[in-house]
Amino acid sequence: MKESVVEKVMEKADRCFVNGQYSKAVEFYTRAINLNKAGEEVPDKLKARAHCNLGIIYSIQGEMQKAEQEYLIALELNKKLDRKEGLSNIYCNLGVIYTGWGELAKAEEMYKQSLEIDEGLGNMDGVAGICINLGNLYYIQGNLEAAEDMFRKALIITKHLSNKENLPIIFSNLGNINYFLGNMETAEKIFRETVEISKLLMNNEAVALNYVNLCSLYHKQGKLKRSKQLYDMAMSVCQNFKMKEAEANALSIMGEVLKTEGDYIGARKMFSRALEIDRRLDRKIGISDDLCSLASVDIREGTLDEVEDNLKQALEINEKLENHSGIAENHYEYGNFYLAKGEYKEAEDSYKTAMQIAEHIGDKIRIAKLFSKLGELFVASGSFEQARIYINKSFETNGEIGYKEMIADTCKNYGDLCGKTGENEKAREYYDKALLIYRELSSGDRAGLVTELIADLERAG
């Protein structure tokens, strides 16, 4: 039987789609769909595939509004054809888009519809994929127990099916949960092993993702040279394969590294580039994180004009998303803002609100940061007994995690406390410890500050 013009054009489109020639694929899929206008009948089955694949291409390219439009057309066509598997895939893809936009209730509804179809079809591979997506959604909301349950369910199914394709993303998410809980050795082991699995499977997205995860982990551990190497490796993969979301994540982590080093100009550039990408992708969580990070640079540098506006925008997004981790970070930065202005009561309220949320969701890294900041706050406000309590908690928690920057900050805080209570010898001891770590971190501005404090002690005799 002779092939129709539509079938020939669709074959070319499918070939380009599979080979990653997305511009050509879009051209051919669009031509195939428009043949209907030229008088040739285009079967609904072919139209459904064309619209779905256009949705996938636009999603890869970060054009999410276009992707949603194509998926919704494909969804109606698949309903008409009663194609259950097609419906499940589209519901799942829409769920990913809505998650990125922060429409979490809508995303959860899409995932659950997809899950119901795949369970009914006995498509356990599909069930595993949806469990991963639901796990990501619950992770965003700070519901770690539900997230881990979903990832474990996906892992059991994946192992049972001997389907290795899902392993990198499952292990990466389990690594993130351990990182979130402060189990740094376990998280590092999982991330490193996941990189190797991802390379074997030629899953470039997972390779880049776990390079970024390791970049963040090494930043916390004060291994900034290694962190920068991982950043370069992540960016190379992201740019070669046009992975804009992973690129934004890598830029954001590098901003944190540069902020630790006191390179505020460089940090601001990184966060601004990340924000530009996240806005282009309409990625709400990324936008809120970037705004909060820009505020943190301004607070550290003492340029407070735009801080309140950025934090307000970030908090509005996070509250709408029910992103508890993001809300906690917002209140943490509000605390830093008020502390920088000398408004101690407001700072304490903000830090304690952040602490309450962080403890509720088990966010140990943020708890560790808050112990250090509360110690600093109470030294500044003259509440020395309170300061001593939180400084001791900070040493304990940050020591367990190995959070180098916070350990240095706490040593500096303890030096300040001892200086104010007349324990000059002990103050000098802790300033020396802080100075050593700040120099290891190449944090010139804070090393300079501690050097001045030591000089003040020596002048005081």
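Every read-out reported here was derived from the displayed coordinates using simple, explicitly stated rules and does not represent laboratory data. Computed from a prediction, not measured in an experiment: that's the story for all the values here. Here the Cβ is made from the backbone with ideal geometry for all residues, glycine too, and neighbour counts use every protein chain on show.
Points to keep in mind about this one:
- The stretch 304-374: relative contact order as a whole-number percent, Cα under 8 Å and 6+ apart: 28 percent
- Neighbour-count ranking [beta-carbon atoms within 10 angstrom, fewest first] of H324, H360, H331, H51: H360, H324, H51, H331
- The charge dipole of the chain, taken about its Cα centre with unit charges on the Cβ of Lys, Arg, Asp and Glu (plus for the first two, minus for the last two), comes to roughly 1240 debye.
- Förster radius 25 Å - calculated FRET efficiency between I265 and E429, Cβ distance, rounded to 0.05: 0.15
- Neighbour count of at most 11 Cβ within 10 Å plus DSSP loop: longest trypsin sites (Lys or Arg not before Pro)-free window in the chain: 38-461
- Approximating the spin labels as points 7 Å out from Cα along Cα→Cβ, the R226-to-R279 distance works out to 3.6 nm.
- In this calculation the C-beta distance from K79 to A105 is compared with R0 = 25 Å, giving a FRET efficiency of 0.70.
- Each Cα pair under 8 Å and six or more residues apart adds its sequence gap; the mean of these over the residue count of the stretch 1-140 is a relative contact order of 14 percent.
- Mean-position separation - Cα centroids, the stretch 219-297 and the stretch 89-110, in angstrom: 25 Å
- Cα centroids of the stretch 429-461 and the stretch 307-361: 29 Å apart.
- Residues listed by number, the stretch 300-335, amide nitrogen under 17 Å from K345 label point at 7 Å toward C-beta: 335
- FRET efficiency for the E316 to H160 pair, using the beta carbon distance and R₀ = 56 Å, is estimated at 0.85.
- The simple spin-label model puts a point 7 Å past each Cα toward its Cβ; for E396 and E440 those points are separated by 2.2 nm.
- Computed from the Cα positions only, the extents of the chain along the three principal axes stand at 100, 40, 39 Å, in decreasing order.
- Subtracting the Cα-Cα distance of E185 and Q239 from their residue separation scaled by 0.36 nm leaves 16.5 nm.
- The eigenvalues of the Cα gyration tensor, multiplied by 5 and square-rooted, give the stretch 147-294 an equivalent ellipsoid with semi-axes of 26, 16, 15 Å from largest to smallest.
- The mean sequence separation of alpha-carbon pairs under 8 Å and at least six residues apart, normalised by the residue count of the chain, gives a relative contact order of 9 percent.
- Once both labels are positioned 7 Å from their Cα atoms along Cα-to-Cβ, the gap between K66 and A380 label points is 4.8 nm.
- Excluding the site residues themselves, the longest part of the chain lacking any GluC sites (Glu not before Pro) in a DSSP loop with at most 10 other Cβ atoms within 10 Å is 42-461.
- Its Kirkwood hydrodynamic radius, worked out from the mean inverse distance over all distinct Cα pairs, puts the stretch 294-452 at 16.0 Å.
- Our Cα-only numbers for the stretch 400-452 put the radius of gyration and Dmax at 10.6, 31 Å.
- Of the cross-linked pairs K79/K284; K364/K433; K8/K106; K228/K373; K112/K320, those separated by over 28 Å at the C-alpha level are K79/K284; K8/K106.
- In the chain, helical runs assigned H by DSSP with n ≥ 4 each contribute -39500 (n - 2.57); averaged across all residues and rounded to the nearest 500, the mean residue ellipticity at 222 nm is -28000 deg cm²/dmol.
- Here the Karplus curve 6.51 cos²θ - 1.76 cosθ + 1.60, taken at θ = phi - 60°, turns the phi angles of the stretch 417-434 into couplings of 4, 5, x, 6, 9, x, 9, 5, 5, 5, 4, 4, 4, 7, 5, 4, 5, 4 Hz, with x standing for Gly and Pro.
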